[in-house]
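Report on the structure given below.
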Amino acid sequence: MRIIFMGTPDFSVPALVALKEAGHEILGVVTQPDKPKGRGKEVQMTPVKEKALEYNLQVYQPVKARDPEFVKILSDMAPDLIVVIAFGQLLPKTILDIPPYGCVNIHASLLPKYRGASPIQYAVINGEKESGVTIMMMAESLDTGDMLDQEAIALEEKETFGSLHDKLSGIGSRLILKTIDKLEEGTAVRTPQDDSRTCYVGMIKKSMGDIDWSMDAVSIERLIRGLNPWPSAYTTWNGKVMKLWEAEVIDKEYEGACGQVAEVNRDSLVIKTGKGGLSIRKLQLQGKKCMDVDAFLRGYSIAKGTVLERFGSMK
């Protein structure tokens, strides 16, 4: 099938690889413009662009895909299908109407739940028991199109944003090939979404990681996993940011203020929360590498009763 591929981050790359290796004709790859990143602010290509260039594919990077000039470029390529996965821009009807087989989107949730920009993170943060990938026909509104295929997986007890991201990316790359076969054979079934069961999730912001110790330990532990590896959950100690990478819930109530060190010994650091305690297992002090809590306690002295504070309260 003649396909235009639209995607931007790491999550999109396996789908591009799968389509190419399956023998589909990739007419062009559309991705977001290159942006400066890191401390040096060097301009970096998107992961999708890097992979597309490896395949010697034509790459397009419109600031706005809806611009008439770019819409004409897509139309002139006469694709059979447009495949979209984490592209980063809403597509107008002028693009959706171009391919005879339509525009299909690979979405990292079990629609109709978790429409929007960050379904993987919120599946972990909200303690979902399962997540998955939905292939849908695209509509003008965000993530509202008819569903074509869906595959679910159970979340593991210690699932993180990073681990679930990789699993769903792989599922999407396999599922899209099956969906395309059904479209070609005329056997694809369109199932409308039940709008009464949906919810939208917006962009993840770094400020979300600023731990509110008055929350219950279960919610904080999920937050830590849901923001691992980016943007991370964090607190402050001695005026420095302390990122928390792994923790365990302690079903026990402690005296003192929320955020206070309730227990500390050679290999244990327990913080009082709004409900229960949180035993920190892996952390990273500002300017240092990530380390297990026992390694941290060998190098730093943190007394029982010390209060970990929100970064926002220091401003």
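Only the coordinates and a few stated rules stand behind these numbers; no lab work does. In this text the structure is predicted, and so the values were computed from the model without any measurement. Note: ideal-geometry Cβ built from the backbone for every residue, glycine included; neighbour counts use all protein chains shown.
Quick notes
- What the Cβ-Cβ distance of M45 and E253 gives, at R0 = 35 Å and to the nearest 0.05, is a FRET efficiency of 0.10.
- Local electrostatic count at Y114 - Lys and Arg +1, Asp and Glu -1, tallied over other residues with Cβ under 12 Å: 0
- Within the shell defined by Cβ-Cβ distances under 12 Å, the residues around D294 carry a net charge of +2, with Lys and Arg each +1 and Asp and Glu each -1.
- Fully extending the segment from K158 to F311 would add 52.5 nm, taking 0.36 nm per residue of separation and subtracting the current Cα-Cα distance.
- 27 Å Cα-Cα threshold exceeded, pairs from K113/K252; K64/K158; K49/K178: K113/K252; K64/K158
- Centroid-to-centroid separation of segment 76-152 and segment 236-272 [C-alpha atoms, Å]: 40
- Ranking of D194, D267 by neighbouring Cβ atoms within 10 Å, starting from the fewest: D194, D267.
- Rel. contact order, % - alpha carbon contacts under 8 angstrom, at least six apart, segment 161-313: 21
- Taking one quarter of the surface of the convex hull spanned by the alpha-carbon atoms of segment 206-314 gives a direction-averaged projected area of 5.9 nm².
- Only one residue of L90, L285, V30 has its Cα farthest out toward the positive end of the dipole of the chain, where Lys and Arg carry +1 and Asp and Glu -1 on Cβ, and that residue is L285.
- Size of charge dipole - segment 206-314 - debye, nearest 20, with Cβ of Lys, Arg +1 and Asp, Glu -1, no other charges: 420
- The chain - mean residue ellipticity at 222 nm from DSSP helices (-39,500 (n - 2.57) per run, n ≥ 4, rounded to 500): -7500 deg cm²/dmol
- Dipole moment magnitude, nearest 20 debye, segment 2-201 about Cα centre, only Lys, Arg, Asp, Glu C-beta charged: 520
- Remark: relative contact order (the chain) = 13 percent; criterion is Cα-Cα distance under 8 angstrom and separation of 6 or more residues.
- Listed residues Q150, S131, Y254: farthest to the positive end of the dipole of the chain (Cβ charges): Y254
- Diffusion coefficient, µm² s⁻¹, Stokes-Einstein with Kirkwood Rh over alpha-carbon pairs of the chain at 10 °C and 1.306 mPa s: 74
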